[in-house]
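Pasting a structure below so you can have a look.
Just so it is clear, none of the values below were taken in a lab; they were calculated from the coordinates. The structure displayed is predicted, hence computed values, not measured ones. Methodologically, a virtual Cβ is constructed for each residue, glycine included, from the backbone with ideal geometry; neighbour enumeration extends over all protein chains shown.
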Amino acid sequence: MLTHINHEGQVHMVDVSPKEQSLRTARAQGFIALKAQTLELVRENKIKKGSVLTTASLAGIQAAKQCSQLIPLCHNIPLSQADVSFTWHPNGLEATAVVSCIGPTGVEMEALTAVSLALLTIYDMCKAVDKEMEITNIRLIEKTKTKTD
């Protein structure tokens, strides 16, 4: 049974009001392949648009906070935490988003949205110097639910 389809076959937003409040966390990752020269420009903060990783991190956090406005059936969730970090690789950057809330529904869409927008921001900021960038492997790594008292 699909949760976003009602008994009449119509799309609807799931009612989460009967669900218990729990600490919910999600971690998502994605990768952007960059040329070695582009990675060096990012590392040395020489991309003309500004600090790539600072801007991408902020974009990801903002995206997590706006997820319900971007994805039609997502609930508007008051987030407790949203963080985006980056790991350097010889052929690109891996973005990791961690998002948490105390609420009746999970935050996996917020984490996936954060990673996606962070990687898109890197793409936007580096497109003038790297025409071969590729965003791949956006995925949910983990989600947890812990009962709160």
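In debye, nearest 20, what is the charge dipole magnitude of the chain about its Cα centre with +1 on Lys and Arg Cβ and -1 on Asp and Glu Cβ, if you could check?
The calculated dipole for the chain is roughly 280 debye.
Mind grabbing the base-10 log of I(q)/I(0) for the chain at q = 0.09, 0.13, 0.19 Å⁻¹? Debye formula, identical points on the C-alpha positions, no solvent, two decimal places.
The computed values of log10 I(q)/I(0) come out as -0.33, -0.62, -1.04.
Another question, then. Mind jotting down a quarter of the surface of the convex hull over the alpha carbons of the stretch 63-113, in square nanometres, one decimal?
Its average projected convex-hull area is 3.7 nm².
Considering every Cα-Cα pair within the stretch 20-92, what fraction, in whole percent, is farther apart than 19 Å?
48 percent
For helix 52-65, report the angle its Cα long axis makes with the longest principal axis of the Cα atoms of the chain; keep it between 0 and 90° and round to the nearest 10°.
With both axes taken from Cα atoms, the answer is about 10 degrees.
Give me the lysines in straight-line cross-link reach of residue 145: C-alpha distance below 16 Å, same-chain residues under 8 apart excluded.
19
A follow-up question, please. So for each of 34-44, 109-119, 20-30, 132-142 I average, over its residues, the number of other beta carbons within 10 Å; can you give me the resulting order with the highest mean first?
Packing order, densest peptide first, comes out as 109-119, 20-30, 34-44, 132-142.
Between 137, 88, 72, whose Cα lies farthest towards the positive end of the dipole of the chain when Lys and Arg beta carbons carry +1 and Asp and Glu beta carbons carry -1, centred on the Cα centre?
88
Let me ask you something else. Would you compute, from DSSP H runs of 4+ residues alone, the mean residue ellipticity of the chain at 222 nm, taking -39500 (n - 2.57) per run and dividing by the full residue count, rounded to the nearest 500?
-9000 deg cm²/dmol
Give me the net charge of residue 87's neighbourhood, meaning all other residues with Cβ under 14 Å from the Cβ of residue 87; Lys, Arg count +1, Asp, Glu -1.
Neighbour charge sum, excluding residue 87 itself: 0.
While we're on this one: Students often forget the sequence filter, so: which lysines lie under 29 Å Cα-Cα from residue 49 once same-chain residues fewer than 8 apart are removed?
Once the sequence-local lysines are set aside, what remains near residue 49 is 35, 65, 127, 131.
What are the aspartates and glutamates whose alpha-carbon lies under 16 Å from the alpha-carbon of residue 143, with same-chain residues fewer than 8 places away excluded?
Result set, ordered by chain and number: 83, 108, 110.
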